[in-house]
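Here the structure comes first, spelled out in structure tokens, and everything after it is commentary.
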Amino acid sequence: MTKQFYDNFNDISANDYLPREQLADLQLQRLKAVVKKVYENVELFRQRLDEKNISVDDIKSLKDLAKLPFTVKTDLRDTYPYGLFAEPLSNVVRLHASSGTTGKPIVVGYTANDIDTWASVMQRSFACCGLHLNDVIQNAYGYGLFTGGLGAHYGAEAIGATVVPISGGNTARQIMVMKDFGVTAICCTPSYFCFIAEQCEEMGIDMKDLPIRAGIFGAEPWTEEMRIQIENMTGVKAFDIYGLSEIIGPGVGIECKEQNGLHIFEDHFYPEIINPETGEVLPDGQEGELVITTLTKEAFPMIRYRTRDITSIMTEKCSCGRTIRKIHRIGRRSDDMMIIRGVNVFPSQIEAAILAVEGTVPHYQITLYSDNGRDNIQVEIEVTPEVFSDKVRMMENLQHQLTSSIEETIGLRVKVILVAPHTITRSEGKAKRVIDNRQN
Ligand code: DLL
């Protein structure tokens, strides 16, 4: 299968470069087919379309998509586990699940064709950031119900690269493998990569001396400041990859060599940006909630899925030549927002403010607490061993700079605590940046 995919590679990636009208024709044709499929096979979608008195014949242009109802996360929970599947389980060859914060996970299914589609968008993702069959890809996304591991695995094989399926964790072994196997690219969360880089440094290994040249980082929000730190520290070019289980897993979008916005594989995933309050579709360039419709999924098609991820569709053409549109990096989710004394704050703003200050390392923990009924933010920030010496003046100075940097960014004065190296819990997957200790 691997070789065959690689031979077909030009055909598969051709959809990255279609003239826009041709892409729109393809999208419309696929949209009609997917709406027909969900109407015929998924009770919830049929009920909702009937309630709105909409039939497949009402979809005459891509604009008509706006007539269709949204799908939200609770729809997936309410129909747990298989209620939104559009294929019988006998046609489903794989299940994945996303744990979420409370209760039951959401379960997603794939037919054999869906697995091929996924491998193909991941293959296009790797190609987009310059990987090819000579690469040795260390896949440190978790294998299992999480989509990261197997999603990246199939794509890496499809491109003909050599895959090291190491999964997350066991950082010392990750470093040994990276060094001994001649790894040229790594896939993991950006926070886990920071941990690996730190361990490397402590073992006296300079990543800049190793052949590793690219990192495919995603599954959690991260900032431009984090990219700069990673690239400067390790010499690894850091690419942002986006995806979510409900749509397919990783491979919904990725950065190209420009590293400025993520191309969405629009022939499979139709993006819209809406005003999260009113549901109104916003024009390209305006920020809002990303809504995605899958155009080709068989087992688990999604119509207008509200991702809660906040971004905008970029209006400028990309110099890489791809015609598929780009979104700005996802810095926040609508449900990430902390409201502190009436001010809206996102964790990514705090990360950007910390990393903008020279001498910081990307390990921090945000804690919300209440003090006499008033909400407050505490940010523990690790400092380098050099700073965490007995030079009290240096520490005081840094603490002051960090407090000001955060205050300038979010408009609130927070409690900054500088902590010793290795105090903050490291993540091997998605980092938990915020702990909420407020009494309700
Ligand atoms: O995290 C899929 C994935 C795996 C993406 C590996 C990239 C790499 P879920 O666990 O369902 O799926 O979580 C999806 O994670 O709605 C975003 O809020 C967030 N997310 C994913 N990628 C990014 C990114 C996988 N590059 C949720 N930047 C999404 C910011 C991201 N947030």
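Every read-out reported here was derived from the displayed coordinates using simple, explicitly stated rules and does not represent laboratory data. Note that the coordinates shown come from a computational prediction; the quantities given were computed from them, not determined experimentally. Positions of Cβ are generated from backbone atoms using ideal geometry, with glycine treated the same way; all protein chains shown enter the neighbour counts.
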Looking at the square roots a ≥ b ≥ c of the eigenvalues of the Cα gyration tensor of the stretch 219-373, which shape do they give, rounded for a/c under 1.5, prolate if a/b is larger than b/c, or oblate? oblate
I want to verify a result. In a Gaussian network model of the chain, Cα cutoff 10 Å, which of these has the top mean-square fluctuation: Asn372, Asn41, Asn15? Asn372
Percent of C-alpha pairs per 5 Å bin, the stretch 286-393, short to long: 2, 9, 13, 14, 14, 14, 12, 9, 7, 4, 2, 1, 0
I want to check the label-to-label distance for Leu133 and Asn275. Put each point 7 Å from Cα in the C-beta direction and report it in nm to one decimal. 5.2 nm
Based on alpha-carbon atoms only, what is the radius of gyration of the chain relative to the globular estimate 2.2 N^0.38 Å? 1.01
Please give me, ordered by residue number, the GluC sites (Glu not before Pro) of the stretch 227-329 that lie in loop per DSSP and have at most 11 other Cβ atoms within 10 Å. Glu277, Glu280, Glu316
Using the crude model of +1 on Lys and Arg Cβ and -1 on Asp and Glu Cβ, and no other charge, please compute the dipole size for the stretch 337-436 relative to its Cα centre, in debye to 20. 200 debye
Of Leu402, Thr162, Ala299, farthest towards positive along the dipole that unit charges on Lys, Arg, Asp, Glu beta carbons give the chain: Ala299
Using only the alpha carbons of the stretch 162-215, determine the length spanned along each of the three principal axes and report them from longest to shortest in whole angstroms. 27, 21, 18
Between Gln378 and Met176, what FRET efficiency follows from the Cβ-Cβ distance if R0 is 45 Å, with the result rounded to 0.05? 0.75
In degrees between 0 and 90, to the nearest 10, how far off the longest principal axis of the chain does helix 224-234 point, with axes built from Cα atoms? 70 degrees
Bins of 5 Å, beginning at zero and ending with the bin holding the largest distance: percent of Cα pairs per bin for the stretch 325-440, please. 2, 10, 21, 23, 19, 14, 7, 3, 1, 0, 0
So what's the angle, to the nearest 10 degrees on a 0 to 90 scale, between helix 190-202 and the longest Cα principal axis of the chain? 40 degrees
Percent antiparallel among DSSP beta bridges (both partners in the stretch 337-436, rounded to 5): 60 percent
Helical contribution to [θ] at 222 nm, DSSP H n ≥ 4, -39,500 (n - 2.57), averaged over the chain, rounded to 500: -9500 deg cm²/dmol
Per 0.36 nm of contour for each residue apart, how much would the distance between Asp64 and Val419 grow if the chain were fully extended, relative to their Cα-Cα spacing? 122.4 nm
Top mean-square fluctuation among Glu351, Glu220, Glu43, Gaussian network model of the chain, C-alpha springs under 10 Å? Glu43
Where both partners of a DSSP beta bridge lie in the stretch 1-330, what percent of those bridges are antiparallel, to the nearest 5? 60 percent
Sketch the reach of a paramagnetic label on Glu396 as a point 7 Å from Cα along Cα-to-Cβ, and name the residues of the stretch 358-387 whose backbone nitrogen lies under 18 Å away. 387
Point-to-point label distance, Lys317-Glu358, nm (Cα→Cβ direction, 7 Å offset): 4.1 nm
Overall form of the stretch 19-62 per C-alpha gyration tensor (a/c, 1.5; a/b vs b/c): prolate
Below 8 Å, C-alpha to C-alpha, sequence gap of six or more: please give me the relative contact order for the chain in percent. 14 percent
Show me the ranking of peptides 129-140, 50-61 by mean Cβ neighbours inside 10 Å, starting with the highest. 129-140, 50-61
How long is the gain from Ala14 to Lys36 if the chain were fully straight, where each residue apart is worth 0.36 nm and the alpha carbon distance is subtracted? 5.3 nm
Shape verdict for the stretch 41-131, please, from the Cα gyration tensor: rounded (a/c under 1.5), prolate (a/b greater than b/c) or oblate. oblate
With everything on Cα atoms, drop me the angle between helix 112-128 and the longest principal axis of the chain, reported from 0 to 90° to the nearest 10. 50 degrees
Magnitude of the Cβ-charge dipole (Lys and Arg +1, Asp and Glu -1) of the chain about the Cα centre, nearest 20 debye, reported as 540 debye
